[in-house]
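Below is one structure, written out as structure tokens; comments come after it.
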């Protein structure tokens, strides 16, 4: 008896027709078609005081591993600029590094990338879409902007952030001291502002994602990529509305923002929340180990379900780090 082979499903991008720009935030293209299995990687926050070389090491490793695509959970630049020239300079540097890898790279908006009206305007000018979706085989991806209304921080708070970030950029020898300096630079009132988890998605995005979800009811799994973990903002109506749209379908929500890896599995395992650790950003805790270490999340889709492996970048070494031992080799006949 001959077994019928199912035709591979073609990959598809979904864009809200409200956008009129010809710019796009991603690099490369999706695999044209795929069978039941494929792999992708998720990188965490690069910024929030970026450590030199870490994000670059992640990109180099991913070039070697060749995932079908890469997701980024936002905060790719330090941002919060009030001068457009500095913002463009940062984006030019970051975009150049990503483009040079040739990796299919699909980012979402972070608060550092989009943290005031100027930054939002520059994103629009350079990248066009700030939310979108795509399908790879039987898997659906939603890319959500949690900064729909930018979280504009007071000028005095931004000034301190820029000052401490600049100091760390010039001297990265003691990240623990940089973290203490950051926390100690603010008044209790300013820290309260920084500690607020403000999430804004908006009706336009929710309407777009509702249409995409309705048109792709046949997928086996749905991934949602956002910057701020909405499940940590009790009572946020925008996130609750998104959860209602996802109800009844197996899904995983990726987020970043807090620079520490966390995994929560709900019910029978068909609903997951994954907060990504950092991929270059400063550790928010005292010890840069475990979930607080620099890492990449590797995801493999097998028979419609995801399997996860965490790759700790500090444990990954180039082969050149292992020189030959100093002993004499004698060839025997």
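Each reported figure results from applying straightforward, stated rules to the coordinates on display, with no laboratory input. What you see is a predicted model; the values in this text were computed from it and never measured. Quick reminder, even Gly has a Cβ in these numbers, built from the backbone with ideal geometry, and neighbours come from all protein chains shown.
Of all beta bridges DSSP finds with both residues in the stretch 79-238, what is the antiparallel percent, to the nearest 5?
Approximately 45 percent, going by the DSSP bridge assignments.
How would you rank 287-299, 250-262, highest first, on the average number of other Cβ atoms within 10 Å across their residues?
Output ranking for 287-299, 250-262: 250-262, 287-299.
For the stretch 96-159, what is the Kirkwood hydrodynamic radius in Å, using each pair of distinct C-alpha atoms? The partial results should precede the final answer.
Values: mean 1/r = 0.0737 Å⁻¹.
Evaluated over the stretch 96-159, this radius sits at 13.6 Å.
Which percent, to the nearest 5, of DSSP beta bridges fully inside the chain are antiparallel?
Once the DSSP bridges in the chain are tallied, antiparallel ones form about 55 percent.
Applying a 10 Å radius around every beta-carbon, put 117-127, 81-91 in order of their mean neighbour count, most first.
Final packing ranking: 117-127, 81-91.
Looking only at 280, 184, 36, which one moves most when the chain is put into a Gaussian network model with springs between Cα atoms under 10 Å?
The residue with the greatest mean-square fluctuation here is 184.
Could you tell me the relative contact order of the chain? Use alpha-carbon pairs under 8 Å, at least six residues apart, and round to a whole percent. List each step's numbers first, then the result.
Working: 642 pairs, mean separation 73.3, N = 333.
With pairs under 8 Å counted, the relative contact order is 22 percent.
For the stretch 188-310, report the translational diffusion coefficient in µm²/s to the nearest whole number, using Stokes-Einstein at 20 °C, 1.002 mPa s, and a Kirkwood Rh over Cα pairs.
Approximately 134 µm²/s, per Stokes-Einstein.
Taking a temperature of 4 °C and a viscosity of 1.567 mPa s, what whole-number D in µm²/s does Stokes-Einstein yield for the stretch 139-209 with Rh from Kirkwood over alpha carbon pairs?
It diffuses with D of about 88 µm²/s by this estimate.
Counting helices only, and only those DSSP H runs with n ≥ 4, report the 222 nm mean residue ellipticity of the chain as the sum of -39,500 (n - 2.57) divided by its residues, in deg cm²/dmol to the nearest 500.
About -9000 deg cm²/dmol.
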